[in-house]
Every structure is written in structure tokens, then in C-alpha cells.
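The values are calculated or read from the model by the stated rules, or taken from the named source; none is laboratory data. Keep in mind the model is a prediction, meaning the values are calculated, not measured. As a convention, Cβ positions derive from the backbone with ideal geometry for all residues, glycine included, and neighbour counts pool all protein chains shown. Surface areas here come from the heavy atoms of the whole protein model, side chains and all, with no ligands, DNA or RNA. Shrake-Rupley method; radii C 1.70, N 1.55, O 1.52, S 1.80 Å.
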Amino acid sequence: MTTRRLVLSRGAALVGAASTGLLLPEIVRAQSNKIRVGFMLPYTGAYAALGVAIENGVRMAINEKGGKLGGREIEWFKVDDESEPSKGVENASRLVQRDKVDVLIGTVHSGVQMGIHKVARESGVLNIIPNAGVHEATRALCAPNVFRTSFTNSQPTLALGKPMFDKGIKRAVWITHKYAAGDQAFEGFRDSFTKAGGTVVKELGLPFPQVEFQALLTEIASLKPDAVACFFAGAPAVKFMKDYAAAGLKDKIPLWGSGFLTEGVLDATGPAAEGVMTTLHYSDSLDIPRNHEFRLAYAKMFKLQPDVYAVQGYDSGQLLVQGLAAVKGDVGNKQALYKAMETGVIDSPRGKWTMSKAHNPIQDMYLRRVEKGENKVLGIAAKAVADSGAGCRMNA
Amino acid sequence: MDIANFLIQLLNSVQYGLLLFMLAAGLTLIFGIMGVVNLAHGSFYMLGAYLAWSLASKTGSLALAIVLGTALSVVFGLAQERILFRHFYRRDHLDQVLLTFGLIYIFEDLRSIFWGDEVHGVTVPALLGDSIRLTDTLSYPVYRLFMSGICVALAIGLYLLISKTRLGMKIRAGAFNHEMTEALGINIKFIHAIVFALGVGLAAVAGMIAAPVSSVYPNMGAQVLIMCFVVVVIGGIGSVRGALIAALLVGLVDTFGKVLLPQVASMLVYVLMAVVLLWKPQGLFKQ
């Protein structure tokens with residue numbers, strides 16, 4: 001049923017986009033001395049908290065530098081993308097066409113990102129991706145005006161293979177949801193684990209967002225691998241870790257995963273998550289001065305504890321501040337602006353990182369272990385991890 | 001695959017198959033007796049699951065939630081039969097498809113308004129939370145045995161009701177010939193309402209007992225509906241016995257497919273359907 005609904009609504013979105021003139025190649029932008037910044041983020045639905053954290057982060061980074069971009073005042077625009085892929089193009093073109101934003105910051109959901117991406121490529125508007133890890137945006141479909149401050153889906157798992165092998169794990173089973181993010185996370189794990197010398201005994205999967213793990217857990221128990229590696233997030237992650245423990249596997253076969261497995265779900269999962277090992281580009285407990293300083297300031301300003309999403313938003317803000325400072329707020333000077341954004345170093349709460357040629361962070365990945373309901377950092381799992389950027393030809 | 005693993009996967013298959021049967025039986029009964037193609041059948045499964053989650057978290061007891069939830073969903077089903085479906089018995093199948101397709105969207109939106117878009121978990125009752133150890137690595141959860149037990153009990157009950165009771169006789173007569181049955185002084189409207197409520201009840205119970213193992217999430221009805229249609233088509237439209245055999249077959253293919261051929265698992269069930277239809281275009285047990 002979903003597909004039929006999708007086709008219908010995508011079709012409608014396309015018609016809508018065409019009628020608003022999105023498909024015209026050039027856009028005449030309104031002249032004003034304010035910089036127009038648009039947020040296209042989920043403010044309702046399952047990812048609402050993520051959208052709020054990202055916006056908070058962006059605003060905080062800009063406020064810290066005096067609340068202006070390159071000396072110019074900012075006018076803000078907001079669209080709730082509802083994490084609804086079928087409305088991606090429509091919502092993005094609303095910001096670009098109607099509100100005439102100079103910068104579009106969004107979004108969380110990879111499917112919606114593809115809609116934004118289409119609009120960004122066609123209109124040439126500057127787009128900063130504060131979360132969505134969909135590979136295409138910084139690979140085959142990369143664009144000079146699209147920058148990502150978060151990760152690609154395979155980046156955290158690119159750091160997973162080596163520490164697992166170093167712990168004596170030779171044979172591992174992989175399990176995930178069969179959808180783009182799951183497949184892309186597997187790519188990173190397979191590459192890093194086989195390169196380190198391990199063997200992926202079996203790749204298990206189930207359709208998103210089903211959580212009937214029974215047959216697969218039985219299979220894992222009978223395969224008796226040295227470890228299981230996985231990619232799950234949110235509510236399915238809770239169910240998976242609980243079922244994994246309930247099936248009696250937790251104490252026999254260690255569980256590893258992309259760090260999103262244990263982000264924001266440790267309260268709900270409880271003891272079933274104890275000892276789970278993950279890799280991610282951030283952890284609340286990261287012990288560096290920049291992180292302490294950030295966490296304190298964020299908690300004071302928003303009366304909330306920041307998470308990885310707030311950090312990604314914060315870095316999006318920092319990237320904008322740096323880029324526009326270099327061109328003194330002249331958004332029209334694209335060449336110099338993109339150059340500055342490409343070459344800058346971002347001093348992030350996750351540690352310093354730089355931008356790859358394909359506009360994706362080159363960043364350290366931390367090895368973390370769940371201890372007493374917290375992600376404790378054990379060390380760096382892999383230094384300066386870059387996404388391959390395969391197929392990206394920026395100047396074509 | 002060693003023998004213990006094989007046996008447990010067999011249990012997993014049967015358990016999944018029985019659950020599908022609960023849904024397919026209602027679907028095929030409603031079609032066979034009233035001639036209504038009910039695309040919204042999966043929504044009753046979803047309704048059951050959400051009721052189980054809501055009521056279990058309020059009352060703290062899954063058993064109580066199932067009893068209350070069944071009653072509520074049967075009332076809901078009866079109301080729908082009265083307000084909507086009754087006007088569509090004699091209509092074209094296309095009209096019915098349009099009506100029930102629209103209902104899917106309405107139910108999804110109502111679900112979103114009342115219960116939100118998040119995924120929820122339902123805890124397995126402590127009494128049934130254990131596992132039975134079969135070998136040193138493999139064990140089977142008690143709750144799944146309980147699920148299978150409920151399904152078997154309801155299947156037997158359904159069989160007895162339809163083939164051994166007076167009411168069952170009337171139901172069969174109504175399926176065979178509307179006018180004649182009515183002429184004999186049997187209240188066919190009442191029979192229809194009963195069958196519809198039965199179908200809704202079976203689907204809702206399936207959703208309720210499945211909630212702890214499958215979680216409760218948006219769109220779960222649509223996903224399960226597709227499987228149900230596969231089962232009904234393989235089994236032969238209108239045949240309850242066919243639905244049972246087909247459901248077990250689909251359970252086997254799906255479970256062993258997931259484990260043995262994970263790359264193509266999601267399409268194996270459809271391959272099965274295609275093969276069966278080539279061999280028997282009317283399904284296995286067309287009456």
C-alpha cells in the first residue's frame with residue numbers, strides 16, 4: 001500500500017514543484033541586506049526531538065559569534081518536513097522559491113534529503129545537511145553547493161571492523177533492516193572487517209521497520225559466530241537489544257554496532273544494553289575540553305542535555321559562520337564561499353574535523369561501551385575516517 | 001542446518017503461519033459469505049495491536065487488555081458493518097475495493113491522531129517470559145508456544161462453530177444461496193453481522209497476541225494485509241481449510257527463506273504464490 005501512496009503523492013509533489021517554477025533553471029533572488037536562512041527539519045513525528053536539537057545547535061553556534069553571519073543580520077525561515085519523503089521536493093522548493101532563502105539547513109531523514117538534494121542541485125542554493133547519511137548526497141550526486149556536517153551511513157561502521165578483529169573476533173554475523181541506511185552501514189562494516197582479516201559468516205536482514213527477530217536470532221544462535229554486528233536505531237534498536245538478551249545470546253555472543261544503536265535509547269533498553277560495543281563520531285561522555293564547554297553552555301541555554309544531533313547542528317552553524325566570515329556575508333560570491341567552507345577546520349565538541357573533497361566530514365570515530373546506562377568512550381576506534389566519495393565529480 | 005535448529009525454525013514457521021491464518025480466515029470468510037473484498041482487514045489487526053498496547057500499559061495486564069480489546073474491537077466491527085458494509089454487499093467488487101481502500105487511509109490517520117507515529121513495545125507477561133531450553137545454544141520462548149496455542153484453540157473453535165452448530169449451518173446456507181436462505185426464514189442480516197464480527201474479532205486478537213513479539217507501529221496493518229491476500233489466493237478464495245494450509249506454507253517459506261536465502265527472502269513468498277497459481281489457477285482449495 002505504501003508504494004501506491006508514495007507514487008501518488010510523489011507525483012503530486014512533482015506537479016506542485018513544476019507549477020511553482022522549480023524546474024526553471026535560474027532563480028532571481030530578492031535583494032535585501034539580511035541573510036535568509038531556512039530550516040527544513042522534522043518538528044513533528046518520530047524525529048521531532050532531532051529537529052529541535054539540530055536547530056538549537058545551529059542557533060547556539062551563531063549566537064556565540066554575535067548572532068550575525070559575515071556581519072549581516074539573519075532572517076530565519078522554518079518548514080516542518082515531517083520526515084515525509086513524498087513531500088521533500090515540495091517543502092524544499094517552498095523555502096527556495098517562496099522564501100528565497102540563501103541557505104537551506106536540512107534534514108534528518110535520508111529519503112527527505114533526496115528531495116532537498118534535487119532542489120539544491122537544480123536551484124544552486126547552498127544546502128547544509130545536519131544529519132541524513134544517505135551516500136548519494138556526497139558521492140555520485142555530490143554538488144559544489146551541498147555540504148554535510150554529520151556522517152555517511154557507512155562511516156561509523158568503517159571504524160567497526162578493526163577493533164572487533166583486534167578483540168579476537170574472526171567470524172561475525174551482520175544483521176540490519178533492509179533499507180538504504182542498513183545496506184550502506186553494512187558496506188562500511190564489510191569493508192573494514194574483511195580488510196582487518198575477519199569473515200562475515202552471514203548477512204541477515206528484515207524489512208524496515210519490522211521487528212520480528214525470532215527466526216534470525218535462532219539462526220544466530222545456531223551459527224555460533226564470535227560476535228554479531230548490527231545497524232538499528234530508535235525503537236527497533238530497543239527491541240533488538242532486548243530480544244537479543246532475552247534469547248540468551250548477550251552473554252555468549254558479544255554484540256557490536258553502529259553507534260546509533262545505543263543513542264537515545266539506553267533508558268528504554270535498560271540492562272539488556274550493558275556491555276554493547278559501538279562506534280560513532282561522538283559520545284556524550286567524550287572527555288575533551290571543547291565538549292565539556294559545549295555541553296555546559298548548551299545545557300544552560302536550552303535546559304536540555306545535548307546529544308549527537310545537537311552537535312551536528314552546532315557544527316552546521318560553525319561552518320556557516322566560518323564560510324560567510326570569509327566572504328564578508330556576500331552569499332553571491334559562491335566560489336570564495338565554497339572554498340572557505342571546504343578548507344576550514346571545524347573545532348567541534350566531537351573533536352576537530354575537516355571537510356573531504358566530496359563535502360563530507362573527515363572525522364575520528366570513537367569506540368564506546370555501554371556501562372551503567374551510559375556510552376563510555378574507550379578510545380579512538382579509527383582516526384580521520386573519510387567516506388570514499390565514490391563517483392563524486394565536483395567540477396563536472 | 002542441524003536438527004535442533006531445524007526444529008526451532010519449524011516451530012517459528014508454524015507459529016507465524018498460525019498467526020497469518022487468524023487473519024486470512026476472517027478475510028476469506030467475509031469474502032466467501034458476504035462477497036465483500038475487505039482491504040481494510042489489516043487495519044483491524046493494527047487496531048488490535050494498538051488496543052493491546054494502550055490497555056496493557058493502562059491496566060498493567062496483557063490478559064485483561066486482550067479481553068477488553070476483543071470486546072471493543074468487536075463492537076467497533078459491528079458498528080462498521082451496520083453503518084458501511086451492509087450497503088455494499090450487493091455492489092460491484094470495484095466499489096468495495098474503493099470503499100475499503102479509503103478506509104485504510106482513514107484508519108491510518110485516526111491511528112496517527114489518537115496514538116501517534118512512534119513504535120511501541122508491549123512487554124511479554126512475566127508468567128510467559130521464560131524460554132524452554134532445547135540444546136545448550138538453542139531455546140524456544142514460552143510466549144510463542146502460548147501464541148500458537150491460542151491460534152490452534154481459535155481455529156478448532158471456528159471449525160466446530162461452522163461445521164457442527166446450528167448457527168454454522170445457517171452461515172453455510174447463507175454463503176450458498178442468499179435468497180433461498182432468507183426465504184427459509186433465516187435472518188440473513190443477523191448472520192452477516194455475526195460473520196463480520198467474527199472476522200474482525202479474529203484479526204484483532206491476532207494483532208493483540210502479536211503485539212509483544214512484533215511491536216506496535218504505523219502501517220503494520222498494510223504489511224500484514226498483503227501477506228493475508230497471498231494466503232487467501234494460494235489457499236483458494238472462500239476456503240477456510242485452504243487458508244490454514246496456505247498460511248502454514250507461507251510461514252514455512254518465509255521463515256526458512258529469511259534464514260537460508262536472506263538476500264531474496266522478501267520475494268520468496270510471491271514466488272510461491274506464482275508457482276501455485278500456475279499449477280492451480282483457482283488456488284489449492286477452491287470450492
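By the Cβ rule of 4.7 Å, chain A holds the following cysteines without a possible disulfide partner: A:Cys230.
Could you give the accessible area per residue of segment A:192-247, probe 1.4 Å, as a whole number in Å²? Accessible surface, normalised per residue, equals 30 Å². If you count only protein heavy atoms and use a 1.4 Å probe, how large is the accessible surface of B:Trp53, to the nearest 10 Å²? B:Trp53 has an accessible surface of roughly 50 Å² with all protein chains in place. For A:Leu204, the residues whose modelled amide H falls within less than 5 Å of its own, excluding neighbours fewer than 5 places apart on the same chain, are A:Trp174, A:Ile175, A:Thr176.
Charges only on Cβ, +1 for Lys and Arg, -1 for Asp and Glu: so what's the dipole of the protein assembly as shown about the Cα centre, in debye to the nearest 20?
Working: 65 positive and 52 negative charges, 96 e Å.
About 460 debye.
Accessible surface for B:Asp130 stands near 110 Å², nearest 10, in the context of the full protein assembly shown (1.4 Å probe).
Within chain A, the whole DSSP H helices whose Cα atoms reach 15 Å or more along their own axis and whose mean Kyte-Doolittle score is at least 0.5 are A:2-19, A:48-64, A:308-326.
In order along segment A:158-169, the phi-based Karplus estimate (6.51 cos²θ - 1.76 cosθ + 1.60, θ = phi - 60°) of 3J(HN,Hα) comes to 5, 9, 7, x, 5, x, 5, 4, 5, 7, x, 8 Hz; Gly and Pro are listed as x.
Taken across both chains, chains B and A shield about 2700 Å² of accessible surface from a 1.4 Å probe. Contact residues in segment B:258-287 (at least 50 Å² less accessible area with all protein chains than alone, 1.4 Å probe): B:Lys258, B:Val259, B:Pro262.
For the residues A:Arg139, A:Arg98, a 1.4 Å probe over the protein chains yields an accessible-area ranking, largest first, of A:Arg98, A:Arg139.
With a 1.4 Å probe rolled over the protein heavy atoms of all chains, the accessible area of A:Val200, B:Val250, B:Val275 falls in the order B:Val275, A:Val200, B:Val250, largest first. Placing a pseudo-label 7 Å from each Cα along the Cα-to-Cβ vector at B:Tyr159 and B:Asp109 gives an inter-label distance of 4.4 nm.
Cα centroid separation, segment A:344-396 to segment B:32-79: 47 Å. Ordering A:Val331, B:Gly235, A:Ser222 by the projection of their Cα atoms onto the charge dipole of the protein assembly as shown, which places +1 on the Cβ of Lys and Arg and -1 on the Cβ of Asp and Glu, puts B:Gly235 at the extreme positive end. Backbone phi angles across segment A:270-275, fed through the Karplus curve with coefficients 6.51, -1.76 and 1.60 (θ = phi - 60°), yield HN-Hα couplings of x, x, 4, 8, 4, x Hz in residue order; Gly and Pro are listed as x.
Once R0 is set to 45 Å, what does the formula 1/(1 + (r/R0)^6) return for the Cβ-Cβ distance between A:Thr199 and B:Ile132, expressed as a FRET efficiency to the nearest 0.05?
Numbers: r = 32 Å, r/R0 = 0.71.
Rounded to the nearest 0.05, the efficiency is 0.90.
Assigning unit charges at the beta carbon (Lys, Arg +1; Asp, Glu -1) and nothing else, what dipole magnitude in debye, to the nearest 20, does segment B:18-218 show about its Cα centre?
Working: 13 positive and 11 negative charges, 134 e Å.
Rounded to the nearest 20 debye, it is 640 debye.
For peptide A:203-214, how many partner chain Cβ atoms fall within 10 Å of a residue's Cβ, on average? Could you put the intermediate results ahead of the total?
Numbers: counts 2, 4, 5, 4, 3, 0, 7, 5, 7, 9, 2, 13.
If you average over the peptide's residues, the count of other-chain Cβ atoms is 5.
DSSP beta bridges confined to chain A are antiparallel in about 35 percent of cases.
Can you give the helix-only mean residue ellipticity at 222 nm for the protein assembly as shown, where every DSSP H stretch with n ≥ 4 adds -39500 (n - 2.57) and the sum goes over all residues, rounded to the nearest 500 deg cm²/dmol?
Details: 24 runs with 367 residues, N = 683.
After summing the helix terms and dividing by the residues of the protein assembly as shown, the value is -17500 deg cm²/dmol.
The residues of segment B:181-224 occluded by other protein chains by 20 Å² or more of accessible area, set against the chain on its own, are B:Val213, B:Ser214, B:Ser215, B:Tyr217, B:Asn219, B:Ala222, B:Gln223; surface from heavy atoms, 1.4 Å probe. Each residue, B:Lys189 and B:Arg90, gets one label point 7 Å from its Cα in the Cβ direction; the gap between the two is 1.3 nm.
Could you please report the charge total around A:Gly234, scoring K, R as +1 and D, E as -1 over all other residues with beta-carbon less than 12 angstrom from its beta-carbon? Cβ neighbours under 12 Å give a net charge of -2.
B:Ile113 sits with roughly 130 Å² accessible to a 1.4 Å probe, with DNA, RNA and ligands left out of the calculation.
Checked against a 25 Å cut-off, the cross-linked pairs A:Lys239/A:Lys352; A:Lys68/A:Lys100; A:Lys87/A:Lys202; A:Lys118/A:Lys202; A:Lys252/B:Lys258; A:Lys178/B:Lys286 give Cα-Cα distances beyond that limit for A:Lys239/A:Lys352; A:Lys87/A:Lys202; A:Lys118/A:Lys202; A:Lys178/B:Lys286.
Please give the charge dipole size of segment A:277-396, origin at the Cα centre, charges +1 on K and R Cβ atoms and -1 on D and E Cβ atoms. Round to the nearest 20 debye. Let's see the in-between values first.
Details: 16 positive and 12 negative charges, 17 e Å.
My answer is approximately 80 debye.
Could you tell me what percent of the accessible area of segment A:282-325 is made up of carbon and sulfur, with a 1.4 Å probe and every protein chain present? Provide the component values of the computation, followed by the final result.
Values: 1140 of 1820 Å².
Carbon and sulfur atoms account for 63 percent of the accessible area of segment A:282-325.
Only Cα pairs under 8 Å and 6+ residues apart enter the sum, and on that basis the relative contact order of chain A stands at 18 percent. Label separation (B:Ile226 vs B:Met169): 4.4 nm, computed from points 7 Å beyond Cα along the C-beta direction.
DSSP assigns beta bridges within the protein assembly as shown; of those with both partners inside it, close to 40 percent run antiparallel. Close amide H partners of A:Val385, meaning residues 5 or more places away or on another chain with modelled amide H under 5 Å apart, are A:Gln363, A:Asp364, A:Met365. May I ask you to give the percent of accessible area on segment B:18-218 that is carbon plus sulfur, with a probe radius of 1.4 Å? Of all accessible area on segment B:18-218, carbon and sulfur atoms account for 69 percent. What segment B:162-213 shows is 45 Å² of accessible area per residue, with the surface traced by a 1.4 Å probe over protein heavy atoms. Any chance you could check the Cα centroid distance between segment A:78-142 and segment A:211-283 for me, in angstrom? Segment A:78-142 and segment A:211-283 have Cα centres separated by 32 Å. Between the residues B:His87, A:Ala181, A:Ile62, the greatest Cα displacement towards the positive end of the dipole of the protein assembly as shown, with unit charges on the Cβ of Lys, Arg, Asp and Glu, is found for B:His87.
Comparing the full protein assembly with the isolated chain (1.4 Å probe, heavy atoms, ligands and nucleic acids excluded), the residues of segment B:96-123 losing at least 20 square angstrom of accessible area are B:Phe101, B:Tyr105, B:Asp117, B:Glu118, B:Val119.
Using a Förster distance of 56 angstrom, determine the FRET efficiency expected from the C-beta separation of A:Ala49 and B:Glu179, and round it to 0.05. Present the calculation step by step, with values, prior to reporting the outcome.
Numbers: r = 60 Å, r/R0 = 1.07.
With a Förster radius of 56 Å, E is 0.40.
Legend: residues B:Leu64, A:Leu141, sorted from most to least accessible area (1.4 Å probe; ligands, DNA and RNA excluded), read B:Leu64, A:Leu141. Of the DSSP H helices in chain B, those that are both long (alpha-carbon extent of 30 Å or more along the helix axis) and hydrophobic (Kyte-Doolittle mean at least 0.5) are B:3-34, B:62-83, B:93-115, B:142-164, B:188-214.
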